[in-house]
Amino acid sequence: MTRALGIYFCISLAMLSVILGFPFKVLPDRQASAVPVAAAVSKSANDPVPVLVAEPAAPASAAAALTAVLAKPVVRGGAAGLDEATTAILSDLSVLPTAAQSADPSGLREMSSSALTALRALRGQPEVAVPTLETLVSKALREGQTDAYINTLVNEAAGKGEISVPSALITSDGRVDTAVLLSNLVTKAQVAAGTLAETRPQDVVAGGAGVEVRMVQKAIGSAESHQFYTVLAGDSLGSIALKFYGNVSYYPAIFNANRALLSSPDKLKVGQRLVVPSPDQL
Amino acid sequence: MLVLLRGFCLGLAGSVAVFIGASGVKAQAVGLTEKMAEARIALDGREIVIARNQDETATITGDFSKTSRACPPFCLQPIAPVSGVDTYGELELIGFLQDKVAAGTGVLIDARLPEWFAKGSIPAAINLPFATLASDNPYRNDILIALGAKPLGGESFDFSDALDMLVFCNGIWSDQAMRALRALRGAGYPMEKLHYYRGGMQDWQILGLTVVAPKSAAAP
C-alpha cells in the first residue's frame, strides 16, 4: 500500500517514461501517426502550437496574470470526465495498444478536431489544428517537458479560454489541477502496462489537513465511520478522490454525496465541508 | 405536380455534381431564378459558384433517388422543428452565403456525419456533426468558442459576437439538423442566430445545384 501511494504521489515524468519503457523525447513521429484514430490529433501534436510559451514562466506569476483574463477556466459539461481525457492523451502517446477502440469509440474527438480546425480557418486564422487539453499535454509529454511547464502551459491556455478542461480538475482557487491529471496518466499507463493493479479504495487511509473521521456507534460492538473533508486552497474534486480512494476516477461519488453544496464539480470553495462516502459505499 | 416537376428537375450524375464546359458553351438554360443565372460569392479570396446542372435530361441517381427509407429513424421533418429558429429555402441559403458568410458573421453548417459530408456537400459548408454539439461531447464548449462565443468561465458564455448559423443535413427525411439545433439551444446559443435549411442535401440535389466534395475530407 505504501508503495502504491508512493507511486501515485510521485508523478514525475521521468518515472512515467521509465514505466512505459521509452523516453517520450525519442518517440518517433511515425509511431504516433501509425495509430489511425489519432491521425487528426497526432498531426496537431506535431505542428507548432501557437500558445506555447518560449520560456515557461513560474506557475505563481502565471496564476497572477491569469486572474485578469478569466476568473475560471471553461469546463466540460455533464459526463465529460477525466478518464476520457486521460485515455485520449495516452492514445496520443501510443501507450494504449487498442487506441482506435478505446480512446474514441464514438468518433467525437476526431469529428470535433476537424470541426475546430475548419471553424478556425473560417475566422481567418491559420489552418492549423486548434489545441485542446489533450493535444497540449501529449505534445509537452512527448517533448519531455517538466510538470511545472505543463502546469503553466495548461493554465495559461485555460485562463485565456482557449481550451476546456474536465470540471473535476478545477481547484478551489479556479486553476487547473494538472498534478491530478498527470497522476491519472501515470496510473492508467501502469495499469495498461500490467505493472500495477487498480488501487482498491479500501486500501487507502487518508490523513492530513482537512481530513476528519468520526466513528458512530451503530449497535453494541459495531461502529460506522463517517469521513468528512474540509476543502483547502488548491484542492480539486479529483485531488480529493485521489487522497481518499487512491484513484481520481472515483470523484463522481464525492460529487454525488455533496450535491446540496456543489451544483457542479467545479464549484469547490475553500472551507466547504464535504461528506466523503466510505469505500464500501462506492 | 410530379409531371410538372419532371420537366424542371435535374439530378446529378452520381452523388457529386461536376460541371465542365456546358455553361461556357452557351447561355445558361437552367438558371437559379428568372433574373439570376448563378450566384458567385467571394469567400476568403476564393470564389464560390452556385449554379444548376445544365443537362436538362439529368435525373437523380444514387443515394438520393430512394423514396422509402425506414421511419424511424428517417422520418418527415416539420417546417420549424425548433421554435424560434427560422427555416430557409435554397434562395435564402444563397442570400445567407452572400450576406453573412462572406462578411464573416455567419457559417453554413452541414450537421451530418463525416462520411456523408465527404461524399459531397453545399459549397462553403463546414462539417459540424450533430453529435459534436451534444453536451456529452468533451469538446462541445471548445466548439462554442470556435463559433465565436466568449467564454466567461465554467460553462457560461457570452454569445453576442457568436456566428449566425444556418444548419442543414440530408433534409426532409433526416433529423440530424434538428438535433444539432436543439443541442445548440440547450447550450444557450441565441435562437435568433440559428437558421434551418430544411430541404438539405435531398432538395439541393433534386434541383441540380452545385455540390462539392470538400478537400479537407478527401485528404485523410
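Rule-based calculations on the coordinates, nothing more; no lab input. Fair warning: this is a prediction, and the values are worked out from it, not measured in the lab. Heads up, the Cβs are rebuilt from the backbone with ideal geometry, glycines too, and the neighbour counts pull from every protein chain shown.
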Of the listed residues (B:155, B:115), the one being within 9 Å of chain A (Cβ to nearest Cβ) and among the acidic types (Asp, Glu) is B:155
Of the residues in region B:127-141 that are outside any loop (DSSP other than H, G, I, E, B) and facing another protein chain (nearest Cβ under 7 Å), the one that is surrounded by the fewest Cβ atoms within 10 Å (Cβ to Cβ) is B:131
Counting only residues in region B:92-109 that are in a helix (DSSP H, G or I) and closer than 20 Å to residue B:178 by Cα, the one nearest to the chain's Cα centre (by Cα) is identified as B:93
| Going by the structure shown, is residue B:199 more than 11 Å from chain A (Cβ to nearest Cβ) and either within 14 Å of the chain's Cα centre (by Cα) or surrounded by 20 or more Cβ atoms within 10 Å (Cβ to Cβ) (or both)? | yes
Output for Cβ contacts, cut-off 8 Å, separation at least six or different chains, first residue in contact (Cβ under 8 Å) with a residue 12 or more places away in the chain and in a strand (DSSP E or B) in region A:158-184, second surrounded by fewer than 24 Cβ atoms within 10 Å (Cβ to Cβ) and among the hydroxyl-bearing types (Ser, Thr, Tyr), reads A:171/A:239
Among the residues of region B:183-200, the number that are over 17 Å from residue B:140 (Cβ atoms), in a helix (DSSP H, G or I) and out of contact with any strand residue (DSSP E or B) (no Cβ under 7 Å at 6 or more places or on another chain) is 2
The condition from (1) in contact (Cβ under 8 Å) with a residue 60 or more places away in the chain; (2) buried (at least 19 other Cβ atoms within 10 Å of the Cβ) that residue B:97 misses is numbered (1)
Q: For region B:64-73, indicate whether the set of residues that are hydrophobic (A, V, I, L, M, F, W, C) and more than 18 Å from residue B:201 (Cβ to Cβ) is non-empty.
A: yes
